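Structure first, then comments.
Derivation of every value follows stated rules applied to the coordinates shown; laboratory data play no part. This structure is a prediction, so every number in the text was calculated from the model and none was measured. Glycine gets a Cβ as well: all are built from the backbone with ideal geometry, and neighbour counts include every protein chain shown.
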Amino acid sequence: MALIPGTPSNLASSMAEAIQTAFNNHYPEVMGKNSPETNKQMTLLCVAVAEGVINHLKAHPEAFVIKTKFNDDTLYNAVVEII
């Protein structure tokens, strides 16, 4: 599955939607009241953060090491290390 940042007009199944959901889930415990209604500024912030994270990850593939183990032609173990 590709990493999808989302757009201001479409957050469906995107990292921006996940960020907005996490924000709304944690807002009451941190701020002591219900999370605010979604607005253009919140949407912009979530999309910008998601896009920045994805672009940073793409720009630094050396930070990820994928180790695999095979038995004959069958992959039986794969580990992704973030360094």
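On the given criteria, is residue 37 assigned to a helix (DSSP H, G or I) and among the acidic types (Asp, Glu)?
Criteria not met by residue 37.
Return the pairs, sorted by first residue and then second, in which the second residue is surrounded by 11 or more Cβ atoms within 10 Å (Cβ to Cβ) and of a type in the set (D, E, K, R), the first residue lies in region 28-46 and is under 20 Å from residue 7 (Cα atoms), the beta carbons are less than 9 Å apart, and the residues are 6+ apart or on different chains.
From region 28-46, the pairs are 46/17.
Tell me which residues, restricted to region 56-83, are in contact (Cβ under 8 Å) with a residue 12 or more places away in the chain and polar (S, T, N, Q).
Residues satisfying the conditions do not exist here.
Residues of region 56-75 being assigned to a strand (DSSP E or B) and within 26 Å of residue 14 (Cβ to Cβ), which ones?
Result: 64, 66.
Condition check ((1) surrounded by fewer than 11 Cβ atoms within 10 Å (Cβ to Cβ); (2) out of contact with any Lys or Arg (no Cβ under 9 Å at 6 or more places or on another chain); (3) outside any helix (DSSP H, G or I)) across all residues:
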position	(1), (2), (3)
17	no, yes, no
25	yes, yes, no
47	no, yes, no
54	no, yes, no
77	yes, no, yes
